[in-house]
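Notes follow the structure.
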Amino acid sequence: MNDQSEVPSVQQLGQYLNALLKGGQPQAARDYIDAQVQRAPDSAAVVHLAAQLHHKTGALRSSLAHLNRAIELMPDQPALHIDKLHLLTSLRERKQLAKALEHAKKLATDNKNYQQQLARFYTQLNRPEQALELLTPLRKAHEEDSVLAFDEALNQWFVGRHKAAEKLANAVCEQKDAPSMAFYVRALLRKQTKTKNHVEQLADRARKDEVADTPIWFALGKEADDLGLHEQAFAAVTSGNALQKKITPYNEAAELDALTQMADVASTWKSQGRANKNAELTPIFVVSMPGSGATLIERYLHAHPQVTSAGEFPDFPQLLGEAISAYLAEHPGATRAQAIAAINYGELGKAYLKQLQDVADGNSYVVDKLPFNFLYCGMLKKALPNAKIIHVERDALDTCWSIYRTLFADRYAFAYDQEELGRYYRHYQAIMSAWQQSLGDELLTVTYEAFVEDTETTEQTILDFCGLQAASAQDDFVKQVPSVTTARGEPLTTRIYQHGIGHSKAYAKQLQALQSALDGEA
């Protein structure tokens with residue numbers, strides 16, 4: 001587009017920028033739109049377009065600068081504030097996000113969709129109480145809105161008010177346009193009984209050819225399992241998995257190859273970290289496969305007055321991935337394993353601690369319960385020498401059955417087929433065996449079975465490993481709901497149940513393919 005005396009229209013700019021992007025010229029597109037901003041610095045539309053273009057091409061910091069300028073020009077435009085909140089989320093700027101939310105919620109208070117979006121940002125920040133401050137009055141003003149009511153039910157669940165959550169979920173499920181996920185959440189909120197369940201309703205509603213009904217099948221599986229209807233429970237879970245697998249891409253060969261490479265890295269890991277040894281904040285990483293009972297350990301630690309939980313905090317693998325990508329970009333011939341060995345772990349740990357500090361709330365210990373940090377145990381210790389790593393293990397078949405009967409939506413692509421699940425689990429075992437050998441007593445493995453059968457001894461082992469003294473506040477730890485990410489997808493358990501041990505035995509016949517894969521026969 002030729003330089004003209006007037007700035008082109010936003011439509012013309014958009015068309016030209018799209019042409020540059022399609023031609024593989026992102027830098028040229030950024031340079032061009034930045035030139036237009038210089039020519040029209042007071043045009044909110046042009047500045048906003050620049051922010052969107054920079055965001056789309058991965059230049060997040062410059063996108064934020066443009067977006068802040070657009071908000072200066074049009075401070076009362078809700079769309080600009082929503083864009084900023086999305087951008088701060090991408091940047092993992094949690095303090096700035098919280099501050100921006102406080103400002104944004106004062107605008108357009110009568111705009112239902114806008115306020116509902118703000119509430120969802122509060123939920124992502126692990127602030128369900130503040131989400132409810134927006135959602136509860138909104139839902140009362142729009143009682144016909146089933147999605148709004150479902151959002152409120154979720155946040156009531158996340159703060160531990162399961163009766164209020166169930167009441168809302170029941171009301172949502174009675175509506176014709178009810179989100180199918182509402183049925184699954186309702187099933188998770190309590191153990192169903194013979195006199196109070198929804199098995200018939202769910203069985204009548206679920207359709208095997210509708211992906212949208214996937215949560216209903218998992219809800220039926222959960223409720224039938226609660227009632228001891230094992231055949232019906234397994235059939236429902238299998239139908240749900242088949243539907244979810246249709247929409248969940250999974251390259252098993254590539255995934256297992258990556259796991260094998262990580263096991264090789266773990267088996268030869270030698271180096272120890274030096275930087276960040278004296279950090280004031282101590283991360284406690286609780287690593288596991290999903291369904292291993294790690295939430296019990298998280299709840300116990302979170303109940304301690306010196307400890308809080310960040311839930312499934314995604315930052316370490318994200319920062320590690322960024323560091324690996326940067327190294328590979330600078331060293332084109334290097335392998336991923338070489339990058340893992342060569343990156344600056346001191347800087348990586350410093351960046352992680354900075355972000356963890358944003359959620360520490362003044363505590364000196366923070367639990368990070370992202371399950372798949374099991375892949376990075378050595379890297380965790382090198383970047384964060386003072387970190388505590390607790391590996392939670394459970395009977396393999398019990399763990400895999402727990403995974404198979406749980407709807408993880410867009411996560412864990414290996415979970416929806418018995419044989420794929422079993423093969424993945426065997427690779428996880430190989431990785432953890434290698435890390436245990438490499439890290440020795442710097443990695444504590446506890447079993448779910450030991451925690452249930454000898455709770456007091458296991459609790460003391462955990463406290464000693466973390467350097468903590470027992471606190472009376474931990475006596476009722478199972479009623480804790482540490483974080484939104486913990487609550488999502490997990491039943492609200494308020495007791496330690498012995499029947500969690502050997503739960504898969506009732507399904508041994510149906511899980512033969514899984515057992516064969518676990519045994520290395522498939």
Accessible area expressed per residue, the chain, with surrounding protein chains retained (probe 1.4 Å, Å²)
45 Å²
³J(HN,Hα) across region 333-344 via Karplus (A = 6.51, B = -1.76, C = 1.60, θ = phi - 60°), whole Hz, x for Gly/Pro?
x, 6, 8, 4, 4, 5, 5, 4, 6, 9, 5, 7
So how much accessible area does residue 354 have, in Å² to the nearest 10, using a 1.4 Å probe?
130 Å²
Could you sort 209, 454 by accessible area so the largest value comes first, with the probe set to 1.4 Å?
209, 454
Of the cross-linked pairs 163/245; 95/270; 167/194, which ones have a Cα-Cα span greater than 29 Å in the structure shown?
163/245; 95/270
In whole angstrom, note down how far apart the Cα centers of region 246-303 and region 36-52 are.
43 Å
Within the under-15-Å Cβ sphere about residue 335, not counting residue 335, Lys/Arg +1 and Asp/Glu -1 give a net charge of -2
Name the residues whose placed amide hydrogens come within less than 5 Å of the amide hydrogen of residue 447, ignoring near sequence neighbours (fewer than 5 apart) on the same chain.
393
Under 5 Å, built H, 5+ apart or other chain: amide partners of residue 522:
517
Heavy-atom accessible area with a 1.4 angstrom probe orders 146, 325, most exposed first, as 325, 146
With the charge dipole of the chain built from beta-carbon charges (+1 for Lys and Arg, -1 for Asp and Glu) about the Cα centre, the Cα from 430, 320, 197 projecting farthest to the positive end belongs to 320
Which of the residue pairs 99/191; 99/277; 354/382; 112/354 have a Cα-Cα distance greater than 28 Å in the structure shown?
99/191; 99/277; 112/354
From most to least accessible, 1.4 Å probe, no ligand or DNA/RNA atoms counted, 159, 366 line up as 159, 366
Could you grab the relative contact order for the chain? Cα pairs under 8 Å, six or more apart, rounded to a whole percent.
14 percent
Centroid-to-centroid separation of region 99-117 and region 335-359 [C-alpha atoms, Å]
35 Å
Calculating semi-axes √(5λ) of the Cα gyration tensor in Å from this structure picks out, from [x] 31, 28, 23; [y] 39, 31, 24; [z] 44, 29, 25, entry [y]
Which value at 222 nm does the chain reach when only helices count, each DSSP H run of 4 or more adding -39,500 (n - 2.57), with the total divided by all residues and rounded to the nearest 500 deg cm²/dmol?
-18000 deg cm²/dmol
Sequence-distant aspartates and glutamates (8 or more away, or on other chains) whose Cα lies within less than 14 Å of residue 84:
72, 76, 93, 102
Within the set of other residues whose C-beta is less than 13 Å from the C-beta of residue 381, count the net charge using Lys and Arg as +1 and Asp and Glu as -1.
+3
With all protein chains present, how much of the accessible area of the chain (probe radius 1.4 Å) comes from carbon and sulfur, to the nearest whole percent?
48 percent
Nearest-20 debye value, the chain charge dipole, Cβ charges on Lys, Arg, Asp, Glu:
560 debye
With +1 at each Lys and Arg Cβ and -1 at each Asp and Glu Cβ, the charge dipole magnitude of region 122-269 around its Cα centre, to the nearest 20 debye, comes out at 540 debye
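The values are calculated or read from the model by the stated rules, or taken from the named source; none is laboratory data. Being a predicted model, the structure only gives us computed values, none of them experimental. Neighbour counts are summed over all protein chains in view; Cβ atoms, including those assigned to glycine, are modelled from backbone coordinates with ideal geometry. The protein model used for the area step is the full one, side chains on, heavy atoms only, and it has no ligands, DNA or RNA in it. Shrake-Rupley method; radii C 1.70, N 1.55, O 1.52, S 1.80 Å.
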